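The values are calculated or read from the model by the stated rules, or taken from the named source; none is laboratory data. Every value quoted in this text rests on a predicted model; they were computed, and no experiment measured them. Ideal geometry is used to build each Cβ from the backbone, glycine not excepted, and the neighbour counts take in all protein chains shown. With ligands, DNA and RNA removed, areas are computed over all heavy atoms of the protein, side chains included. Shrake-Rupley method; radii C 1.70, N 1.55, O 1.52, S 1.80 Å.
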Amino acid sequence: MIKTTDQLSSQELLTILQARTAVFVVEQNCPYQEVDEIDREALHVYLMENDMLQAYARIYETGDGIHFGRVLVAKAFRGQQLGRKLVTETLEAIEERFPKRPVIISAQAHLTDFYQSFGFAACSEIYLEDDISHIDMRLEKATNH
């Protein structure tokens, strides 16, 4: 599913924010402002099964391109290739809504190969963000995979 923040029901929004906090704050032991101003205007891409969130990402636009982030697969659903399915759906949504715009991500460094399989290329050195190694990656034109 793909919805704007305003299209999400209050229950959907709470489910998404609960999953993001569980992964990015609790699981990764990383206290930071997980919910931010970007969420107000973001597109939310998510996979659900039996009212359970399986995977999630958000898409947002800036002057330099289209970004997606907060990519997660809920712990109970890992190992089922849902990350690949989620990124594929996210890139399709970007291509449909923002054709020919560059796609820029801040990827956790250990996922470089995963994102390279979609055509992303590193465009920065590895840096620490909230004590986790990240690397900026860029896709000049979103393509379907």
Taking the condition open to solvent by 50 Å² or more (accessible area, probe 1.4 Å), acidic (D, E) and in a strand (DSSP E or B), does E61 pass? yes
Which residue pairs have Cβ atoms closer than 6 Å, lie 6 or more positions apart in sequence or on different chains, and pair a first residue in segment 92-114 that is closer than 11 Å to G65 by Cα with a second residue that is part of a loop (DSSP other than H, G, I, E, B)? I94/A142; K100/K141; P102/E140; V103/A142
I16 vs (1) aliphatic (A, V, I, L, M); (2) open to solvent by less than 20 Å² (accessible area, probe 1.4 Å); (3) part of a strand (DSSP E or B): all pass except (3)
Could you please find all residues in segment 74-86 being free of Cβ contacts under 8 Å to residues at least 40 places away in the same chain and open to solvent by less than 30 Å² (accessible area, probe 1.4 Å)? F77, L82, G83
Just the residues that are open to solvent by less than 50 Å² (accessible area, probe 1.4 Å) and aromatic (F, W, Y), please, taken from segment 19-47. F24, Y46
Looking at segment 115-131, can you tell me whether even one residue there is closer than 28 Å to E12 by Cα and of a type in the set (A, V, I, L, M)? no
Just to be sure, is D51 under 20 Å from R20 (Cβ atoms), surrounded by fewer than 13 Cβ atoms within 10 Å (Cβ to Cβ) and out of contact with any strand residue (DSSP E or B) (no Cβ under 9 Å at 6 or more places or on another chain)? yes
When segment 27-58 is examined, which residues are found to be assigned to a helix (DSSP H, G or I) and modelled with pLDDT under 95? E27
Only listed residue being touching a helix residue (DSSP H, G or I) at 6+ places or on another chain (Cβ under 7 Å) and more than 20 Å from A121 (Cα to Cα), chosen from E96, E34: E34
